[in-house]
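J.: Got a structure here, written out as structure tokens. Questions coming.
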Amino acid sequence: MSNKYISASEINQYLYCPYQWYYEKKYGHKYINELRKKNGKNYEFSNFKKGIEYHEKYYRDIVRLKYKKIAIAILIVTALIAMIIGLLK
């Protein structure tokens, strides 16, 4: 952490996952990628495995939430159209 200034992308990375930011600062991006390649799915550090599982679950939850919002919007639009048709009759 020799840099005096923090870039906007570093802040974004920290807000996304403080652990990812910390490990990348401590070990470096190159070292972490070498660990992933060397071990494949058997990660050397259990925290890496937990982090990957957490982010995969987070992504799935975000996708589900997106589809739920789309379904609710469709239901609202359908209900509004039905109400308008009912008022016009």
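J.: Being farther than 13 Å from residue 51 by Cβ and more than 15 Å from the chain's Cα centre (by Cα) is the filter here; which residues of region 5-26 pass it?
T.: Passing the criteria: 5, 6, 7, 8, 9, 10, 11, 25, 26.
J.: Name the single residue, out of those in region 47-89 being hydrophobic (A, V, I, L, M, F, W, C) and under 20 Å from residue 23 (Cα atoms), that is modelled with the lowest pLDDT. Walk me through how you get there before you give the answer.
T.: Residues of region 47-89 that are hydrophobic (A, V, I, L, M, F, W, C), as a first pass: 48, 52, 62-63, 65, 70-77, 79-85, 87-88.
Restricting the remaining residues to those that are under 20 Å from residue 23 (Cα atoms) gives 48, 52.
Details: 48: 71, 52: 78.
Of everything passing the filter in region 47-89, 48 is modelled with the lowest pLDDT.
J.: Collect the residues in region 26-46 that are at pLDDT below 70 and not in a helix (DSSP H, G or I), keeping them in residue-number order.
T.: Once the filter is applied, which keeps residues that are at pLDDT below 70 and not in a helix (DSSP H, G or I), region 26-46 yields 40, 41, 42, 43, 44, 45.
J.: Looking at region 6-25, which of its residues are assigned to a helix (DSSP H, G or I) and either basic (Lys, Arg) or open to solvent by 100 Å² or more (accessible area, probe 1.4 Å) (or both)?
T.: First pass over region 6-25, keeping only residues assigned to a helix (DSSP H, G or I): 8-16, 18-25.
Within region 6-25, 12, 14, 15, 16, 19, 25 meet the criteria.
The values are calculated or read from the model by the stated rules, or taken from the named source; none is laboratory data. In this text the structure is predicted, and so the values were computed from the model without any measurement. Cβ coordinates were reconstructed from backbone atoms using ideal geometry, including for glycine residues, and neighbour counts include every protein chain displayed. Surface areas here come from the heavy atoms of the whole protein model, side chains and all, with no ligands, DNA or RNA. Shrake-Rupley method; radii C 1.70, N 1.55, O 1.52, S 1.80 Å.
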